[in-house]
1. For the pairs Lys72/Lys171; Lys126/Lys177; Lys20/Lys171; Lys13/Lys171; Lys75/Lys230; Lys75/Lys171, flag any whose C-alpha to C-alpha distance is greater than 31 Å.
2. Could you check the spin-label model distance between Gln182 and Gln233? Points 7 Å from the Cα along Cα→Cβ, value in nm.
3. With +1 assigned to the C-beta of every Lys and Arg and -1 to the C-beta of every Asp and Glu, and no other charges, what is the dipole magnitude of the chain about the Cα centre in debye, to the nearest 20?
4. Could you give the dipole magnitude of the stretch 184-254 about its Cα centre, charging the beta-carbon of Lys and Arg +1 and that of Asp and Glu -1, in debye to the nearest 20?
5. Got a sec? Charge dipole of the stretch 68-198, +1 on Cβ for Lys and Arg, -1 for Asp and Glu; which of Leu98, Gln164, Ile184 is way out at the positive end?
6. Between Asp54 and residues 5 or more places away or on another chain, which pairs have amide H atoms under 5 Å apart, with H built 1.01 Å from N, and which residues are they?
7. Which value, in debye to the nearest 20, gives the size of the charge dipole of the stretch 7-109 about its Cα centre, when Lys and Arg are +1 and Asp and Glu are -1 at the Cβ?
8. Quick one: which residues, 5 or more positions from Lys70 or on another chain, have an amide H under 5 Å from its amide H? H modelled 1.01 Å from N in the peptide plane, none for Pro or chain starts.
Amino acid sequence: MINLYFDETLGEKYKSKTQKIRVMSENWIVQNMFCPCCGNLHIIKLKNNAPVADIKCDNCKEIFELKSTKTKIGKKINDGAYSTMMERIVSVTNPGLLVMRYSVHYEVTDLIFVPKFFFVPEIIEKRKPLSPTARRAGWMGCNILYSKIPQQGKIDIIRDRIVQSASEVVKSYTRIKRLETQNIHSRTWLFDVLDCVNHIGSNEFCLKDIYAYTEILQRRHVNNHNIEAKIRQQLQLLRDRGFIEFLGGGFYRKLL
């Protein structure tokens, strides 16, 4: 049985609330959580201030960044340096993201895992650089646009205080890992079209339904002059990877 409460004694020596939460939440993960990629029970904390990442699995060597909030998980999540984040997104060492929500009583209520291959440059937003009078003048942070991540890339580990089994989480991860691609351009297109499919209200849809998003996709990909052909290509990829089913005659069914 997982203890959902932080060890508050760990934060007693810190004055900064941010530092207290960081220490308590990271300790909670290390003491209580399994690796969402392989199910391993032994995950470790990385050195403080490691670029982007906080936690590592001893078994599969995947690394993770942890973000915690007491409020509802919103559309954006504050993150670190913009330049560092952009460098990591295009590398094989990009970390997965763990998003934690905790209560006023320091109880973990929700924990969501976003695999690293769901990160594309379009979901990273620049923040304004620090003013010339700031200690780190000119430093530019970033936001993760959480709302722009397709629903398939948000795996529940804990939801409303109910903990999913390691086997179920790993099963979900294994399924969506079929969407992984190292090429950033290809990754962006695949998840843009997947997001459009998600927004179609019915479980079955036709090409006309997905073509309704042509203008949106054109704004995102201004250098592409054959958007409909690109949509069909991505639908074929989603079919081959088991996320939609081709019914014939331009009709499809979601297998989400």
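1. Lys20/Lys171; Lys13/Lys171
2. About 2.0 nm, to one decimal.
3. The calculated dipole for the chain is roughly 640 debye.
4. With only Lys, Arg, Asp and Glu charged at Cβ, the dipole is about 140 debye.
5. Farthest towards the positive pole: Leu98.
6. Under 5 Å from the amide H of Asp54: Phe64, Glu65, Leu66.
7. It comes to approximately 380 debye.
8. Tyr102
Values quoted throughout were computed directly from the atomic coordinates according to the rules given, and no laboratory measurement underlies them. The structure displayed is predicted, hence computed values, not measured ones. Using ideal geometry, Cβ is built from the backbone for each residue, glycine included, and neighbour counts are taken over all protein chains shown.
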